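Okay, so here's the structure we're looking at.
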Amino acid sequence: MIQDRKAARRWSASSLGCIVSGLGFHAAVLLALLALWILIGLPYGARRLREAQRAWSETFLDPDHFRARYPDRPHSASALRLDGLARGLGTFLAIRPGDYEPGTSHADTPSLKQLREFVSSVRKQGNDSPLRVPPAIAAFANAQAPKLQEAEDVLLDDSPLDWKTGADGEFPVGLLGYRNVQELLLVRSLVADERGDRAARDRALEASWRLEESLWRRPILLEHLIANAGAGGRNACLRRFRQVPGAWTARLRRPERLKSLVDAYQVEVLTACRSAERLMGLADADFLTGEPLPKVAPGRWVIRVGTAPLLRMAVAGYADALRTEVQALRQLDPCTIAREPYTERAKKAQPHVNAVTQVSLPSMLGAWWGTRDILLDEELTAGVLQVRPLMGSAGAGAWRLASATCPSLTWSSTAGRQGEVVIRPVGEYEPGVGSGTPGLRYTITAP
């Protein structure tokens with residue numbers, strides 16, 4: 001029995017040794033394959049990223065022309081002055097290192113939230129029926145009158161209003177602060193209009209326009225989207241006002257903004273490609289805007305390195321897919337294509353395993369429809385400004401104007417029985433998802 005136990009122990013030890021030896025062999029093979037994958041995959045992924053960046057530069061703006069159009073800038077003196085005034089209003093524009101520290105207000109107050117909700121409600125109105133600024137909002141805007149007067153002085157003194165050019169991962173402009181300041185100016189214009197002070201109304205409106213243009217001059221996609229939202233509120237105010245300055249009609253027909261959106265796409269793509277050139281894995285995709293990568297434990301670091309080639313190839317594929325779709329969109333009438341079918345087709349045309357493309361491509365393409373819709377909203381507003389002086393005459397109900405954004409669309413007016421005039425588009429138009437201007441229709445009730 002003793003000999004049998006000794007033999008059994010020898011057999012068990014021998015078997016365990018074989019298992020360990022086998023596991024060690026398989027682990028060595030796996031490590032060798034992983035090393036080979038990394039050694040081949042990383043340089044191949046880097047080459048794909050370079051090719052994707054080069055294709056964008058050759059198709060759209062090359063680096064020299066891009067730098068000439070968008071030179072690096074610091075915050076201008078006017079921008080810093082405006083930021084100082086904004087901070088007195090409870091918000092901020094030029095981001096400082098401590099602005100997003102835990103415990104800070106993040107540039108918002110209950111009064112500012114209430115103000116933004118009111119401007120949003122004005123935008124949704126489809127006619128110029130009487131409107132009164134709620135007393136609490138009017139009181140808040142009036143209480144800030146000295147600071148807003150100074151802000152208007154800064155915005156209207158013709159000195160350059162330039163925001164700092166951000167490095168990868170840096171957002172120099174407080175976009176919530178931008179909306180707060182712009183919509184304070186819009187409410188200020190509404191309050192001035194209520195009391196019949198057209199000079200003050202037009203001054204506040206002009207200042208809001210100058211602030212808006214400071215974002216549109218920058219090739220930053222998120223800033224363009226925020227500027228679009230602000231433009232919707234500004235259009236809603238313009239549609240209500242009587243006898244606005246003639247310069248507004250020309251300003252509201254700017255189809256070139258779809259072209260400038262391509263520059264913003266290019267910045268987004270090149271930033272993602274440059275970020276992916278770092279040693280980052282699939283789990284780090286949230287840092288493709290250039291932020292510093294977080295430190296990870298050794299096991300997670302192995303996963304990061306092992307999936308880095310996949311991320312590089314995924315980002316390069318996404319860059320190629322977006323470039324192809326943007327080229328196609330530039331050749332199409334923006335009003336003849338619907339967002340959901342188009343983006344769904346674009347997604348299905350790409351490899352399902354490329355999560356970067358599957359997630360990012362639809363939202364990036366969606367910005368095209370968002371910009372198209374605000375351009376049409378501006379054309380509708382320009383039509384209101386042209387028709388309102390004709391109210392009471394036969395010409396008010398017979399106005400026509402071809403769209404500058406969509407070749408398939410013509411704006412027209414129709415007179416109603418009660419003397420009102422309705423302006424709407426005639427022709428092919430596919431409304432965007434979540435558009436703030438469903439139907440693009442507006443009723444003028446008074447001259």
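The values are calculated or read from the model by the stated rules, or taken from the named source; none is laboratory data. On a predicted model such as this, the values are computed, not experimentally measured, just so you know. Quick reminder, even Gly has a Cβ in these numbers, built from the backbone with ideal geometry, and neighbours come from all protein chains shown.
Quick notes
- Yes/no for ARG73 being in contact with an Asp or Glu (Cβ under 9 Å, 6 or more places away or on another chain), under 27 Å from GLU213 (Cα atoms) and not in a helix (DSSP H, G or I): yes
- Pair list, Cβ < 8 Å and 6+ apart or interchain, from the range 329-343 residues that are modelled with pLDDT under 90 to residues that are assigned to a helix (DSSP H, G or I) and among the small types (Gly, Ala, Ser): ARG339/GLY366
- Set side by side, the residues GLY41, GLY45, GLY17 differ, and just one is at pLDDT below 65, assigned to a helix (DSSP H, G or I) and small (Gly, Ala, Ser), which is GLY17.
- Criterion (more than 21 Å from PHE241 (Cα to Cα) and either over 17 Å from the mean Cα position of the chain (by Cα) or surrounded by fewer than 16 Cβ atoms within 10 Å (Cβ to Cβ) (or both)) met by exactly one of ALA404, ALA415: ALA404
- Qualifying residues in the range 289-320 (those that are touching a residue at least 24 places away in the same chain (Cβ under 8 Å) and more than 24 Å from ILE40 (Cα to Cα)) - the one nearest to the chain's Cα centre (by Cα): THR289
- Evaluated against (1) surrounded by fewer than 20 Cβ atoms within 10 Å (Cβ to Cβ); (2) under 24 Å from LEU258 (Cα atoms), LEU322 falls short on exactly one condition, (1).
- Every residue from the range 58-83 that is more than 21 Å from PRO172 (Cβ to Cβ), touching a residue at least 24 places away in the same chain (Cβ under 8 Å) and surrounded by fewer than 17 Cβ atoms within 10 Å (Cβ to Cβ): THR59
- Test: residue in the range 209-222 that is part of a helix (DSSP H, G or I), at pLDDT 95 or above and within 12 Å of LEU148 (Cα to Cα): no
- On the stretch given as the range 126-141, residues that are part of a helix (DSSP H, G or I) and either surrounded by 14 or more Cβ atoms within 10 Å (Cβ to Cβ) or of a type in the set (A, V, I, L, M) (or both) total 6.
- Only one of ARG96, ARG132 that is closer than 18 Å to LEU190 by Cβ, charged (D, E, K, R) and at pLDDT below 95: ARG132
- Evaluation of GLY90 against the conditions (1) within 12 Å of LYS164 (Cα to Cα); (2) in contact with a Ser or Thr (Cβ under 8 Å, 6 or more places away or on another chain); (3) in a loop (DSSP other than H, G, I, E, B) shows that the sole unmet condition is (1).
- Lone qualifier among GLU194, GLU277, GLU213 - being in contact with a helix residue (DSSP H, G or I) (Cβ under 7 Å, 6 or more places away or on another chain), surrounded by fewer than 18 Cβ atoms within 10 Å (Cβ to Cβ) and among the acidic types (Asp, Glu): GLU277
- The residue pairs whose first member lies in the range 169-195 and is free of Cβ contacts under 8 Å to residues at least 40 places away in the same chain, whose second member is surrounded by 21 or more Cβ atoms within 10 Å (Cβ to Cβ) and of a type in the set (S, T, N, Q), and whose beta carbons are closer than 9 Å, counting only pairs six or more residues apart or on different chains, are LEU185/SER208.
- The single condition among (1) assigned to a loop (DSSP other than H, G, I, E, B); (2) within 30 Å of GLY126 (Cβ to Cβ) that PRO341 does not meet is (1).
- Counting only residues that are assigned to a helix (DSSP H, G or I) and either among the acidic types (Asp, Glu) or over 13 Å from LEU329 (Cα atoms) (or both), the range 254-264 holds 5 of them.
- Exactly one residue out of SER260, SER208 is closer than 26 Å to LEU155 by Cβ and surrounded by fewer than 19 Cβ atoms within 10 Å (Cβ to Cβ): that is SER260.
- Scanning the range 52-70 for residues that are out of contact with any helix residue (DSSP H, G or I) (no Cβ under 7 Å at 6 or more places or on another chain) and within 24 Å of GLU277 (Cα to Cα) turns up ARG54, GLU58, ASP62, ASP64, HIS65, PHE66, ARG67, TYR70.
- Hits in the range 162-190 - residues which are surrounded by fewer than 21 Cβ atoms within 10 Å (Cβ to Cβ) and in a loop (DSSP other than H, G, I, E, B): ASP162, LYS164, THR165, GLY166, ALA167, ASP168, GLY169, GLU170, PHE171, PRO172
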